[in-house]
Amino acid sequence: MEAERALSRHDLSAARWALLLGNFIIGCGVMVVGGTLNDLTRDLHITVTQGGHLIAIAAIMMGVGAPVLATVVAGMDRRRLLMLAMLWYALGHALCAVAPNESWLLVLRALTVLSAAVFTPQAAATMGFMSTPAHRGRAITFVFMGWSIASVVGMPMAAWVGERLGWRVAMGMVAVGALAAAWMVHRSLPRGIRPPALSLRSWRKVGRSPLLIAVVVVTGLQSAGQFTLLAYGAPYFKNGFGANPEQISLMFAYFGALALSGNLVLNRIVDRVGAARAVSVTLAMMLFSLLIWPLAISLPTLALVMLPWALAGFAANSGQQARLGGLSPRLAPALMALNTSAIYLGHAIGASSGGWVLDHGGYSMLHWPGVVLMALALGISVWAQKEQARRAAEGVPNTG
């Protein structure tokens with residue numbers, strides 16, 4: 001019996017690392033356009049705002065696709081599903097790397113990211129399904145940490161590769177990584193993982209719960225608040241502060257390293273302090289950075305201003321995943337899909353808002369939409385935290 005338990009722990013650990021790797025590659029692929037935006041716009045002879053459309057259309061496809069595809073694939077074995085998602089991601093990025101113009105790239109990009117709409121929420125739901133309740137929050141945030149690692153390694157590397165070797169090489173690297181992740185998922189996940197299927201009744205339960213919907217809205221608002229700036233990070237560093245390719249890569253690496261650190265801390269404390277409280281703290285930290293943004297007058301001061309935001313940015317997303325998984329484990333597949341949808345639709349809203357601000361006010365005004373959106377996210381998060389505590393005290397289910 002003890003040997004079987006040890007083997008079970010080993011299998012669970014291998015699955016966690018495989019899903020973390022998959023999320024790392026997903027994160028690299030999602031962020032590759034932003035990281036290579038300078039070279040991509042030069043090569044395709046388009047404006048920065050037009051380049052932002054590539055980010056927005058991908059985000060819309062992922063946002064709409066996550067809940068729809070979650071229903072379509074509900075009955076599939078998760079090992080097969082997640083492996084196929086990574087293979088689709090590999091094929092899509094390989095085709096994007098040879099796209100002849102913006103029109104082709106727009107279509108290919110939109111189709112490629114559908115696999116991201118499947119992988120991230122289903123990886124979280126799968127890990128939640130495989131974990132015990134006492135360790136569910138930590139298991140889910142661990143898997144989602146792949147995104148944070150992508151911000152440390154993937155985004156800076158994409159920025160440097162884009163400037164020195166070209167955006168097409170960066171796309172090709174994502175394709176190779178996706179193939180490796182598909183192999184790892186196939187090798188590490190056991191067969192027969194099928195979380196409860198999503199029924200119309202499940203979606204109705206989610207839709208009728210103000211608490212669950214409010215938490216998902218928090219995700220969308222904070223994601224939009226971040227991406228008004230993050231979507232245009234590479235040109236912002238270059239045009240706003242005169243950064244060279246190495247400095248741009250270093251700024252992304254700095255942001256990503258802090259994001260990973262914040263996520264590591266959250267992973268250790270989330271089950272102890274509570275996901276709702278952790279999320280509200282991270283939102284307050286990001287809002288603080290955006291409020292003091294005008295103080296950034298050079299790259300060193302910008303690094304200081306970004307510090308609270310960087311520590312909190314990806315931890316907020318991980319905390320939200322754990323928060324929803326704990327609110328209603330039986331509805332986790334639907335909630336994870338909606339939460340992923342909110343992340344990506346937030347990217348689209350943020351990129352579109354940032355593009356409008358660039359056209360009408362320039363780089364110095366990019367932070368103001370983020371301030372408004374992040375303040376709204378914090379207010380709703382605090383309300384949801386209090387509502388959750390009230391329901392727990394009164395014994396009221398969160399889905400009611």
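The values are calculated or read from the model by the stated rules, or taken from the named source; none is laboratory data. Given the structure is predicted, the values throughout are model-derived calculations rather than measurements. Counting neighbours? That spans all protein chains shown, and the Cβs are built from the backbone with ideal geometry, glycine included. Side chains included, ligands, DNA and RNA excluded: accessible areas come from the protein's heavy atoms. Shrake-Rupley method; radii C 1.70, N 1.55, O 1.52, S 1.80 Å.
For the range 331-356, residues that are hydrophobic (A, V, I, L, M, F, W, C), out of contact with any His (no Cβ under 9 Å at 6 or more places or on another chain) and open to solvent by less than 20 Å² (accessible area, probe 1.4 Å) total 9. Residues that are farther than 28 Å from residue 202 by Cα, of a type in the set (Gly, Ala, Ser) and over 15 Å from the mean Cα position of the chain (by Cα) within the range 302-337 comprise just one, 303. Remark: pairs (first residue in the range 27-54, touching a residue at least 12 places away in the same chain (Cβ under 8 Å); second residue basic (Lys, Arg) and open to solvent by less than 10 Å² (accessible area, probe 1.4 Å); Cβ separation under 8 Å; 6+ apart in sequence or on different chains) = 33/109; 54/109. Consider the range 357-369 and keep the residues that are among the hydrophobic types (A, V, I, L, M, F, W, C) and open to solvent by 50 Å² or more (accessible area, probe 1.4 Å). The one that is farthest from the chain's Cα centre (by Cα) is 365.
Taking the criterion of being of a type in the set (Lys, Arg) and open to solvent by 50 Å² or more (accessible area, probe 1.4 Å), the only residue of the range 68-93 that qualifies is 80.
Among the helices (runs of 4 or more DSSP H) confined to the range 94-180, the ones with at least 1 residues that are modelled with pLDDT of 90 or more and open to solvent by 10 Å² or more (accessible area, probe 1.4 Å) are located at 102-112, 114-130. Counting residues in the range 22-38 that are modelled with pLDDT of 90 or more, polar (S, T, N, Q) and either open to solvent by less than 10 Å² (accessible area, probe 1.4 Å) or in a loop (DSSP other than H, G, I, E, B) (or both) gives one or more. Restricting 396, 372 to those that are of a type outside the set (Ser, Thr, Tyr), open to solvent by 10 Å² or more (accessible area, probe 1.4 Å) and more than 30 Å from residue 201 (Cβ to Cβ) reduces the list to 372. Out of the range 307-318, which residues are open to solvent by less than 10 Å² (accessible area, probe 1.4 Å) and either farther than 20 Å from residue 138 by Cα or assigned to a loop (DSSP other than H, G, I, E, B) (or both)? Across the range 307-318, the qualifying residues are 309, 310. Cβ-Cβ distances below 9 Å connect the following pairs, each with a first residue in the range 273-286 that is without any contact (Cβ under 8 Å) to a residue 60 or more places away in the chain, a second residue that is buried (at least 24 other Cβ atoms within 10 Å of the Cβ) and of a type in the set (Val, Ile, Thr), and a separation of six or more residues or different chains: 278/270. Of all residues in the range 61-80, those satisfying the criterion of being closer than 20 Å to residue 110 by Cβ and either in contact with a Phe, Trp or Tyr (Cβ under 6 Å, 6 or more places away or on another chain) or modelled with pLDDT of 85 or more (or both) are 61, 62, 63.
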